[in-house]
Amino acid sequence: MKKKQYRSPLMASIHETADGLHNAGLMDERTLREFDELCFARVRTVISLPPRAWATFVKRLDSPARANERLRRTMKTPAQWA
């Protein structure tokens, strides 16, 4: 697993302190996850497409929805657990 990157050395220090508090039982899991969001750098995924493929993609997004019989049947079928 790739090691997460901190936003800055200061954020690394803050997160290590929060992690220590969590390990000592002085901070709950939810609060530690909030520190994760604050301290770790966000990863952005960029998808590159050739202009023609991009135009086709945008055209499909902008087109009206088509009827989908298989989806309609699935939505009408009662759930097995209900």
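General observations
- Selected residue [closer than 30 Å to Met11 by Cα, among the small types (Gly, Ala, Ser) and surrounded by 10 or more Cβ atoms within 10 Å (Cβ to Cβ)] from Ala41, Ala55: Ala41
- Any hit, the range 68-81, residues being assigned to a loop (DSSP other than H, G, I, E, B) and under 19 Å from the mean Cα position of the chain (by Cα): no
Each value in this text was obtained by applying a stated rule to the coordinates, not by laboratory testing. Keep in mind it's a predicted model, so treat the numbers as computed, not measured. So basically every Cβ, Gly included, is an ideal-geometry build from the backbone, and we count neighbours across all protein chains shown.
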